[in-house]
Amino acid sequence: MLHFKSQVAVITGAASGLGLVIAHKLLNEGANVGLLDMNESGLLEHFVGNQEQEEVVGVDVTDEMQVQQAVEKVIARFGKIDILINCVGITGITQVKSHEVSSENLRKVMDVNFMSAFYTSKAVLPYMLASNYGRILHVASIAGKEGNAGMLAYSASKAAIIGMTKVQGKEYAETGITVNALAPAVIQTPLVAAMPEAQVRYMTDKIPMKRCGTLEEAANMAAFIVSPENSFTTGFTFDLSGGRATY
Ligand SMILES: NC(=O)c1ccc[n+]([C@@H]2O[C@H](COP(=O)([O-])OP(=O)(O)OC[C@H]3O[C@@H](n4cnc5c(N)ncnc54)[C@H](O)[C@@H]3O)[C@@H](O)[C@H]2O)c1
């Protein structure tokens, strides 16, 4: 099924985890995709053989100028941007109480998780406004809705993303552009593998379904959120938490 044929997507964090599977799903469904990640060799490892649909861009998304140039590269290649999916994210140091949190680490996590989503949406929105159409998806986290103890930096950065989603949803509600977020609980990716075991147990124990989400479940929900069919929902944070958040 070529659900996204002739659409152009920009996906950040495309070299690993959620960004990687979502990128493959959109490519398989016909989209042209700008694949952004600082791990350029990781991108080149995963995206070969279907070059006409792919534009690989090595970029540090905490650098606003680099983000602007990456978006211009995608425009030069494909002519428009219909979809932006922000999957970049880091947890920073976890399993620390607030009085032990390093300000430097907090700033870094805010830069990677929040500022990058601001920079990318700021860069693509003028192109979406010009075509009166757009779908923006910021990947947030259950941590942003509930606050995970031991994860101040991560939880606060994801709450900021959810706040920005609400603002952007309202600001562009009459333009054909929707802006939504996704709040997964735990999905096994390199990000989770790098966390202390006790912190991962704290999070998984809270999932009523008593299992982690799968990458396929995340990709399916993301694809729906950025599809043309998802046209009357904006500013909303979709849940993907196996029943942990029922709001
Ligand atoms: N995996 C989970 O359980 C889970 C749960 C909730 C939310 N999330 C969120 O989903 C998103 C994807 O997470 P994942 O588990 O796939 O992580 P991941 O570590 O597998 O992938 C993250 C990608 O982001 C890239 N990246 C990091 N910093 C970057 C930077 N400054 N510039 C460019 N690229 C950069 C990395 O190279 C990597 O390819 C993140 O925002 C994460 O917070 C994940």
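Values in this text are rule-based calculations from the coordinates and carry no lab data. For clarity, every value in this text was computed on a predicted model and none was experimentally measured. Every residue, glycine among them, receives a Cβ derived from its backbone with ideal geometry; neighbour counts consider all protein chains shown.
The table for this structure:
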quantity	calculated
Candidate set from the stretch 27-67 (those that are more than 20 Å from residue 80 (Cβ to Cβ) and away from the ligand (no atom under 15 Å from the Cβ)); member that is surrounded by the fewest Cβ atoms within 10 Å (Cβ to Cβ)	49
Strands (runs of 3 or more DSSP E) contained in the stretch 17-90 and holding at least 3 residues in contact with a helix residue (DSSP H, G or I) (Cβ under 6 Å, 6 or more places away or on another chain) and without any contact (Cβ under 8 Å) to a residue 24 or more places away in the chain	54-58
Single unsatisfied condition, residue 113 versus (1) crowded, with 20+ Cβ neighbours inside 10 Å; (2) in contact with a Gly (Cβ under 6 Å, 6 or more places away or on another chain); (3) without any contact (Cβ under 8 Å) to a residue 40 or more places away in the chain	(3)
